[in-house]
Amino acid sequence: MSRKFKAVIFDMDGLMVDSMIHWLKLDEKWFEERGLELTQDIVKYFTGRSIKENVTYLKDTFDLKESIDEIIQERKIWENNIYTSETEEMPGIAKLLETIHKSPMRQAIASGAPMTAVDAVADRFKWRHYFDELISSDHVEYVGKPDPGIFLHTADKLGIDPKDC
């Protein structure tokens, strides 16, 4: 017997758009400008975490003089460029979105990126009409993946039991 799902909830970075390499370049530039070493352990730590969590880690680890808010604002300016001009859609994602859109299933994005990034991607690739909900780390107390909180919140916003997503 095949299972009938009612919704598909997509992560964005690395699944829908090829942004991970651009995040790495942003981090390399940011560290280089400060004379700091970007290690593989730091890159691994950053993956799937919110910008606030990563910046707090940087401030605490490197005893940075800038405030957390100042660092976040600087990184958000750089990040905006990633989503508005540098990322490319992953191969096959547009066709998948269209196929699901033609089915009775609902679709949502649940991203650890800020809402400005989700909006930029949805608009840039003209995907907004495919989705019933666009959810970002701005909408939940985001602790990073693999914590399921953002996905559970998205299922709730869709009005669908998470087991049916």
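Rule-based calculations on the coordinates, nothing more; no lab input. Note that the coordinates shown come from a computational prediction; the quantities given were computed from them, not determined experimentally. Here Cβ is always computed from backbone atoms with ideal geometry, including for glycine, and neighbour counts include all displayed protein chains.
With a simple spin-label model that places each label point 7 Å from the Cα along the Cα-to-Cβ direction, the separation between Lys4 and Arg128 comes to 3.3 nm.
Between Glu32 and Asp69, what FRET efficiency follows from the Cβ-Cβ distance if R0 is 25 Å, with the result rounded to 0.05?
It comes out at approximately 0.65.
Between Thr84 and Val43, the distance separating the two model label sites (each 7 Å from Cα on the Cα→Cβ line) works out to 2.8 nm. Backbone geometry of segment 34-50 corresponds, through the Karplus equation with coefficients 6.51, -1.76 and 1.60 at θ = phi - 60°, to 3J(HN,Hα) couplings of 9, x, 9, 9, 8, 9, 4, 5, 5, 4, 5, 4, 5, 4, x, 9, 6 Hz, x marking Gly and Pro.
With Cα atoms as the point set, the radius of gyration and Dmax of segment 34-113 evaluate to 17.3, 53 Å. The GNM of the chain, with springs linking C-alpha atoms under 10 angstrom apart, assigns the highest mean-square fluctuation among Glu32, Glu53, Glu86 to Glu32. Over the C-alpha atoms of the chain, the Rg to Rh ratio, Rh being the Kirkwood estimate, stands at 1.01. Taking 0.692 mPa s as the viscosity and 37 °C as the temperature, the Stokes-Einstein diffusion coefficient of segment 105-146 based on its alpha-carbon Kirkwood radius rounds to 308 µm²/s. With θ taken as phi - 60° and the Karplus curve 6.51 cos²θ - 1.76 cosθ + 1.60 applied, the whole-hertz 3J(HN,Hα) list for segment 92-102 is x, 5, 4, 5, 4, 4, 5, 4, 5, 4, 7 Hz, x standing for glycine and proline. Sequentially through segment 62-73, phi angles give Karplus couplings (6.51, -1.76, 1.60; θ = phi - 60°) of 10, 6, 6, 6, 5, 6, 4, 4, 5, 5, 4, 4 Hz, Gly and Pro residues having no value and appearing as x.
Quick one: net charge around Thr154, please, counting Lys, Arg +1 and Asp, Glu -1 for every other residue with C-beta under 15 Å from its C-beta.
Numbers: positive: Lys6, Arg106, Lys145, Lys157, Lys163; negative: Asp11, Asp132, Glu133, Asp138, Glu141, Asp147, Asp156, Asp161, Asp164.
Spelling it out: positives minus negatives among the neighbours equals -4.
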